[in-house]
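Every number here is computed from the coordinates shown, using simple stated rules; none is lab data. Just so it is clear, the model here is predicted, and its values are computed rather than measured. All Cβ positions, glycine included, derive from the backbone under ideal geometry; neighbour counts span all protein chains shown.
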Amino acid sequence: MKWFYIDTSITDGDRRQGPFSIDEIRNFVSEGKIKDETLVWHSGETNWKAWKDFPEATEAPEPTEEELLKQTIETLLQSKLNRKRYAGFFVRANAFIIDNIILSIVGAIFIYLMSLAGMVDLAAVSDIMNQYIDNPASTELVSKALEIPGMSTFFTIWSLVQAAYFIVFHAIWGATPGKRLFHIHVEMADGERLSWGFSIFRFIASIVTQATIIFYGLGYLIVLIDPQKRALHDYIARTRVVHDLIEQKNSKDFNKEV
């Protein structure tokens, strides 16, 4: 289809310009040579009419091969960047160690405060700790610790503190401080954030996983072979531990710079 337009800047002679393709006409529009009121005609039309009255004036231009290639590359990159990256065994283990260090520090402070209040014998607790360091596999230390006045109260309160730590952090932020340090978080299998109910349910399920320690920790070790890096409590609670999008965003920014 051939297009023509009236060039009003010509004051003498034939002011009709053309023939042009529709892409050339659009280029003239972007350059300001053709305005909304400029008379335009193409083969098949009976009369000249203003450019703004043509459907082509409001239609988006067909993308060039270069634009199509760019769009395809961006789509592929975006698809790759948005793909879930599941957190593996070692990064999860490191996050768990950080969380337990935090909990141990809080527990030590709590024990110290209880000793100041005369609720527990700090010297007896220290002796139990030294025995544990010498022989971590001893099965008698727990019963000996419970025999210390005040320790049963401490373990009860401490169990509640530990439960609150994991439940609250996962329900509000989707990650404990240990997980946040390694840029990973917990979410539901469909990608939604954990509700309070599922955060509680996941913590209870994690107790089941901890019980598999007597079976060489199989509840944790399945992370090594599962395609989605799930531990036993992730299977039970239908959750996944994934890397944060911040890492994917950094990769995207790097690709732009390159």
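Counting only alpha carbon atoms, the long axis of helix 151-172 and the longest principal axis of the chain meet at about 0°. Note on the stretch 90-205: with charges restricted to the Cβ of Lys and Arg (+1) and Asp and Glu (-1), its dipole about the Cα centre is near 360 debye.
I need the peptides 165-173, 36-44 ranked by packing, meaning the mean over residues of other C-beta atoms within 10 angstrom, with the highest value on top. Before the final figure, lay out the partial values.
Working: 165-173: 17.2, 36-44: 14.8.
My ranking of the peptides, most packed first, is 165-173, 36-44.
A simple spin-label model places pseudo-atoms 7 Å from Cα toward Cβ; at Lys144 and Met119 they are separated by 2.4 nm. By the rule of a C-alpha distance below 13 Å, with chain neighbours fewer than 8 residues away ignored, the aspartates and glutamates paired with Lys52 are Asp36, Glu37. Of the cross-linked pairs Lys2/Lys35; Lys70/Lys179; Lys33/Lys70; Lys2/Lys33; Lys2/Lys49, those separated by over 25 Å at the C-alpha level are Lys70/Lys179; Lys33/Lys70. Residue ranges 176-182, 158-164 sort as 176-182, 158-164 when ordered by packing (mean number of other C-beta atoms within 10 Å per residue, highest first). The alpha carbons of the stretch 89-250 occupy a box of 51, 32, 30 Å along the principal axes, longest dimension given first. In sequence order, the stretch 210-219 has phi-based couplings of 4, 5, 7, 4, 5, 9, 6, x, 4, x Hz under the Karplus curve 6.51 cos²θ - 1.76 cosθ + 1.60, θ = phi - 60°, and Gly or Pro positions carry x. Straightening the chain between Thr72 and Trp158 buys 25.5 nm, computed as 0.36 nm per residue apart minus the Cα-Cα spacing. Here the spin labels are modelled as points 7 Å beyond Cα on the Cα-Cβ line, and at Lys49 and Trp173 they lie 6.3 nm apart. Charged side chains reduced to their Cβ positions (Lys and Arg at +1, Asp and Glu at -1) give the chain a dipole of some 740 debye around its Cα centre. Restriction of the GluC sites (Glu not before Pro) in the stretch 171-249 to DSSP coil positions whose beta-carbon has at most 13 other beta-carbons within 10 angstrom yields Glu192. Helix 22-31 and the longest principal axis of the Cα set of the chain meet at an angle near 80°. Calculate how steeply helix 65-81 sits against the longest principal axis of the alpha-carbon atoms of the chain, using the helix alpha-carbon long axis, and give the answer as 0 to 90 degrees to the nearest 10. Its long axis makes an angle of about 10 degrees. Along the axis of the charge dipole computed for the stretch 3-62 (Cβ charges of +1 for Lys and Arg, -1 for Asp and Glu, origin at the Cα centre), the listed residues Phe4, Leu39, Thr58 are led at the positive end by Leu39.
The packing ranking, built from the mean of other Cβ atoms within 10 Å per residue, places the peptides 116-127, 234-245 in the order 234-245, 116-127, highest first. 3J(HN,Hα) couplings calculated from phi for the stretch 179-193 with the Karplus curve 6.51 cos²θ - 1.76 cosθ + 1.60 (θ = phi - 60°) are, in sequence order, 5, 5, 4, 9, 6, 10, 8, 9, 9, 6, 4, 8, x, 6, 6 Hz; Gly and Pro show x.
Between Ile213 and Asn94, the simple spin-label model (points 7 angstrom out along Cα→Cβ) gives 2.3 nm. Between Trp196 and Gln131, the contour length at 0.36 nm per residue exceeds the Cα-Cα span by 19.5 nm.
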